[in-house]
Structures are given as C-alpha cells and as structure tokens.
Amino acid sequence: MSYVNGLKCRECGRSYPVEPLHVCENCFGPLEVVYDYERIKASVSHGLIKSRQQNLWRYRELLPIEGEPIAGPCSGFTPLLRAERLGAEIGLKHLYLKDDSVNHPTLSYKDRVVSVAITKANEFGFTTVSCASTGNLATAVAAHAARAGLKCYIFMPEAVEAGKVVGSTIYGAHVITVKGNYDDVNRLCSEIADKYGWAFVNINLRPYYTEGAKTFGFEIAEQLNWRLPQHIVVPTAGGTILPKVAKAFHELKQVGLVRDGEFKIHSAQAAGSAPVIHALHRRTDLIAPVKPDTIAKSIAIGNPADGYYVLRAVRESGGWGESATDPEIIDAMKLLARTEGVFAEPAGGTTLAVALKLLNQGRIKSDESVVISITGNGYKTLEAVMQQVQAPFVIEARLKEFDALFEQLKNGRRAAAGAA
Ligand SMILES: *Cc1c(COP(=O)(O)O)cnc(C)c1O
Ligand SMILES: [Zn+2]
C-alpha cells in the first residue's frame, strides 16, 4: 500500500519507475519521488497519525516505501523542547529546539534518512549498503545495516572525529577513511557505486533517502499542535535537510493536516564552509565550491549536491541565511548547554549562532515563534570543545581540600584549572 507514483526529474520533468536511480538520463537533474497526494489526503488524519507508534514511520503515507519498514523502529519523534531559559537570555519569547541530538540509535538526524534508505535497499534486494559520509551518516548506516543484517562499507574523510570512526566500526562495518575532504570521498564513491552495484544510501538511493528528512518537519508541525513555526533555522551541508523540511511543511498543507501557515526557513553554515551562504548573499544561483576548514566537520561540504535547492527553498519562503565562525559556534554550543542542558555538536552551535545573527538583523522578531534545529550530539565531537571548557579541579580525597576549594568557588573566584 504505497502512495508513490514513481520518480520524476526535478529539472525537465521526465518520469522514471521506482528503481535505484538518482540522475536524469536526459538532463542529469536529480530525481525525486512523486506521490498521489489526493489519495494520501483521503487516507490520513490527525487521529490516525496520533494512534501510531512514536517513530518516523507514523508519516508513512508520505514516505517512499512499499511494505513494512525494516529499520528505525525507534528513530525519529525526537523532542521539541520549549527553550524558555535560552529564549529569555537572547530575547525570544517563543523559542523551540528540535532535538535530534537524542535520535535513536546514533544521535543525529541521519537516523531518519537512513531508516528510509535501508528499508528501500532491502525492498530493492541489495545485500550490501554503503555511504560517503562526513561522520554522522557513517554511524547511522553502520548501525541500521547491522540491525537489518546487511553488509556495510563506510567511506569518510581522513580528518573525521574519532567518535565517528569508532562509532561506525563497532557495528561491524568496514570503515575506510580517504585521504582528502568529503568532496573527494563523494567522487570516489560515485565510481564505486557504478562498479560494485551496492546501495549507496546517499548516491543511488538518494531520491528515497532524502525523503526521510521530511519527518524532521512533520514532527515539528505535529508537536506544535499541527501548526507551522514562523521561523526555522536549519543547517546546510549537502543541502538535503533544508529543502526537505520546507517540502514537509508544504505537503502537510497539501494533504490537509495543517491549515495555511506562513513560515520562513533560514540556512546556517559554518564560515569555514559556506558556499551556499555566499551565493545567497550575492543573490546568485551559482554556488562556487570552497575548500572546507571548520570545526563543524559534519556540515563541512564544499560542493553541496543540493545547494541550489537550498537557495530556492530559502528564497521562496522569504527566509535568509548566515554563517558562523568557529569561535561563534563554540560560544553558542556553550550557551545552549548552559541554558537548556543540551549538548549539541558544532552543527547545533552553528544554527543557534546564526539564529542570533538573524535576531540582531531584525529578520526574526522577539515575539515570533522560532525553531532551532539541533541535528547532532556533542558527545560525538568532543574534540571540538575539549580545549574550550574549564578543566576539572583536582583535589586529594580530603574534606579540607574540598572546603578550601569551595570557599574560592562560592565567592566566584576561579581556582586555577586543575590546581591541586
Ligand atoms: C548531515 C548533517 C546535517 C545536514 O546535512 P545536509 O546534507 O544539508 O542534509 C546537519 N547536521 C548534522 C549534524 C549532520 O550530520
Ligand atoms: Zn531531466
């Protein structure tokens, strides 16, 4: 019981059957899943969705699978946190965090897209899955493949954080790091996909994989009681999640789950890898590739595959975008942790830092509703902040020593880091 009509080229409109294809033979445009929205509208309701398990499959009519899902039984349906303390500190009355730092099982938004891709790979009969990754995709593919009993090969740039290497290898995946940046890895993987015939979740399964990102948006609307936020700030790496969140909001209106509501979607990039923001600010469609250099490694993609669609979604919504420097990202990570108890990875620091800029520019007003996207977990990227936080105080196991330290701490004096 699928509501999928087939695939269609986003550029020339040519139709294709539901197969592991991702580029148009005619014009090399990307292919996208086409749904029968009239039938979906007749089938779904708030009550039906509410009656289902709290995972991303509660929106299955708007996802491109044929049978039962085989991955992600506990993925998705992450918290939408009301951020009152952070909001009060920065001057926003209706601030929310969509918190995929606690997505199951690998603590990033990638558990959504991979749940769909692995289910689809299985439907197509693949026995080996693979990906080109900046790190979070790697851990998600490795974990979901393990649970589905599929063989797994992971490709990442050499400079990736240790947590992402160990966090992939532990699941039994073959992990290969490539001497080069993500864009080099991606190029290599396109050749491997052609030659070996594996399911590369973000290459030949890309039209299906990317649809999983819509669930981030579906959930936000449901958690806001079937309303859209006035603003949402989304990080941009390869450019998957941002246009898909916009698409999710439009689809909810189209199938009658959300009544009309305007939203502005804003892109956030790290200053060390901001090709989409550069193009947005220059008001051009041409995205000049850059060589990434930032601590926000999971969003360090210098030549984003879907960057053009990010520009389009941002402009159509009347949104904007900014970039944040590494020090701004770190400050924002600390602010988020200190005010809300959420330890995001640098991508989350990036969205918060950018939200602050948009607020200062007057593009976001203090009484408007704002969702900041937290797409990954800080425990996987300790390297980014290890040198930026107060080292622990070291004492002997004697009450006197603690008494002395406490005298200093309570008076707001900072003892030298690590002083005995
Ligand atoms: C992959 C990723 C993103 C967004 O990447 P897109 O390719 O633009 O969808 C954002 N944050 C984190 C933590 C990621 O791992
Ligand atoms: Zn085409």
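The values are calculated or read from the model by the stated rules, or taken from the named source; none is laboratory data. The model shown is predicted, which means the values in this text are computed figures rather than measured ones. Cβ atoms come from the backbone with ideal geometry, glycine included; neighbour counts cover every protein chain shown. Calculation scope for accessible area: heavy atoms of the full protein, side chains included, ligands and nucleic acids excluded. Shrake-Rupley method; radii C 1.70, N 1.55, O 1.52, S 1.80 Å.
When Glu262, Glu251 are checked against the criterion of being open to solvent by 50 Å² or more (accessible area, probe 1.4 Å) and not in a strand (DSSP E or B), a single residue qualifies: Glu262.
Just checking, which of Phe406, Phe343 is open to solvent by 80 Å² or more (accessible area, probe 1.4 Å), among the aromatic types (Phe, Trp, Tyr) and either at pLDDT 95 or above or in contact with a Ser or Thr (Cβ under 8 Å, 6 or more places away or on another chain) (or both)? Steps first, please.
Numbers: Phe343 fails: open to solvent by 80 Å² or more (accessible area, probe 1.4 Å).
None of the others qualify; the one that does is Phe406.
Matching residues to (1) within 14 Å of ligand 1 (Cβ to nearest atom); (2) of a type in the set (A, V, I, L, M); (3) at positive phi; (4) free of Cβ contacts under 8 Å to residues at least 12 places away in the same chain:
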| site | (1), (2), (3), (4) |
| --- | --- |
| Lys253 | no, no, no, yes |
| Asp260 | no, no, no, yes |
| Ala271 | no, yes, no, no |
| Pro289 | no, no, no, no |
| Gly319 | no, no, no, no |
| Ile330 | no, yes, no, no |
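Being at pLDDT 95 or above, among the small types (Gly, Ala, Ser), touching a strand residue (DSSP E or B) at 6+ places or on another chain (Cβ under 7 Å) and not assigned by TED's automatic domain parsing to the domain that holds Ser369: is that true of Gly87 here? Spell out how you get there, then give the answer.
Values: at pLDDT 95 or above: yes; among the small types (Gly, Ala, Ser): yes; touching a strand residue (DSSP E or B) at 6+ places or on another chain (Cβ under 7 Å): yes; not assigned by TED's automatic domain parsing to the domain that holds Ser369: no.
Taking the combined requirement at face value, the residue does not satisfy it.
Let's see how each residue does on (1) in the same structural domain as Val371 (by TED's automatic domain parsing); (2) out of contact with any Pro (no Cβ under 7 Å at 6 or more places or on another chain); (3) surrounded by 24 or more Cβ atoms within 10 Å (Cβ to Cβ); (4) not polar (S, T, N, Q):
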residue: Ile277; (1), (2), (3), (4): yes, yes, yes, yes
residue: His281; (1), (2), (3), (4): yes, yes, no, yes
residue: Asp285; (1), (2), (3), (4): yes, yes, no, yes
residue: Val290; (1), (2), (3), (4): yes, no, no, yes
residue: Thr294; (1), (2), (3), (4): yes, yes, no, no
residue: Ser298; (1), (2), (3), (4): yes, yes, yes, no
residue: Gly302; (1), (2), (3), (4): yes, no, no, yes
residue: Val310; (1), (2), (3), (4): yes, no, yes, yes
residue: Gly318; (1), (2), (3), (4): yes, yes, no, yes
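Only one of these is under 22 Å from His250 (Cβ atoms), more than 16 Å from ligand 2 (Cβ to nearest atom), among the small types (Gly, Ala, Ser) and touching a residue at least 24 places away in the same chain (Cβ under 8 Å): Ser101, Ser2. Name it. Give the steps one after another, and end with the answer.
On the way: Ser101 fails: under 22 Å from His250 (Cβ atoms).
After applying the criteria, what remains is Ser2.
Just one of Ala305, Ala347, Ala397, Ala384 is among the small types (Gly, Ala, Ser), over 24 Å from Ala213 (Cα atoms) and in contact (Cβ under 8 Å) with a residue 12 or more places away in the chain; which is it?
On the way: Ala305 fails: over 24 Å from Ala213 (Cα atoms); Ala347 fails: over 24 Å from Ala213 (Cα atoms); Ala397 fails: in contact (Cβ under 8 Å) with a residue 12 or more places away in the chain.
That would be Ala384, the only listed residue that is among the small types (Gly, Ala, Ser), over 24 Å from Ala213 (Cα atoms) and in contact (Cβ under 8 Å) with a residue 12 or more places away in the chain.
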